[in-house]
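Taken together, the values in this text are just the output of simple stated rules run on the coordinates, not laboratory data. Keep in mind that this is a model prediction, so the values were computed, not measured. Positions of Cβ are generated from backbone atoms using ideal geometry, with glycine treated the same way; all protein chains shown enter the neighbour counts.
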Amino acid sequence: MDVDSILALGLITNECISNIIKHAYEAENGGVVRVSFLKEGGEYCLSIEDEGKGFDIIKHDRYKSVGLSMISQLSKQLKGELYRQVYKGTSFKVRFPAKDEGNHI
């Protein structure tokens, strides 16, 4: 995997986890966060999920928050698709093509 892809994945992960810390759980209660990065066939999948209170996707789409715009643009930079789901928490998944560049990750 090239450096630009690794940087994009790091920024996406950082933004998602920062949002979870800020918004998903009450400070005194804590919560669960799952992060996975898998190669499935000819593509990679980064998944970041929480079991928090979720958020209003329509509201965020309407106001175009900087963080969500950044996640969307970085997903496009990876030539990938961004999937968001709010159900018993929030889930962000980015699926993008794996480049065959030898044994690098």
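If you go through the stretch 28-45, how many residues are buried (at least 16 other Cβ atoms within 10 Å of the Cβ) and of a type in the set (Val, Ile, Thr)?
Counting residues in the stretch 28-45 that are buried (at least 16 other Cβ atoms within 10 Å of the Cβ) and of a type in the set (Val, Ile, Thr) gives 1.
Every residue, every condition in (1) surrounded by 16 or more Cβ atoms within 10 Å (Cβ to Cβ); (2) in a strand (DSSP E or B); (3) in contact (Cβ under 8 Å) with a residue 40 or more places away in the chain, yes or no:
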| residue | (1), (2), (3) |
| --- | --- |
| Asn19 | yes, no, yes |
| Lys22 | no, no, no |
| Glu26 | no, no, no |
| Ser47 | yes, yes, yes |
| Gly54 | yes, no, no |
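Suppose we filter the stretch 69-96 for residues that are touching a helix residue (DSSP H, G or I) at 6+ places or on another chain (Cβ under 8 Å), outside any strand (DSSP E or B) and buried (at least 18 other Cβ atoms within 10 Å of the Cβ); how many remain? Break it down into steps so the answer makes sense when it comes.
In the first step, residues of the stretch 69-96 are kept if they are touching a helix residue (DSSP H, G or I) at 6+ places or on another chain (Cβ under 8 Å); the result is 70-71, 74-75, 77-78, 81-82, 84, 86, 89-90, 92, 94, 96.
Those left that are additionally outside any strand (DSSP E or B): 70-71, 74-75, 77-78, 89.
Next, only the ones that are buried (at least 18 other Cβ atoms within 10 Å of the Cβ) stay: 71, 74-75, 78, 89.
Total meeting the criteria: 5.
Surrounded by 11 or more Cβ atoms within 10 Å (Cβ to Cβ), among the β-branched types (Val, Ile, Thr) and out of contact with any Leu (no Cβ under 9 Å at 6 or more places or on another chain), is that true of Ile12?
No; evaluated as a whole, the condition is false for this residue.
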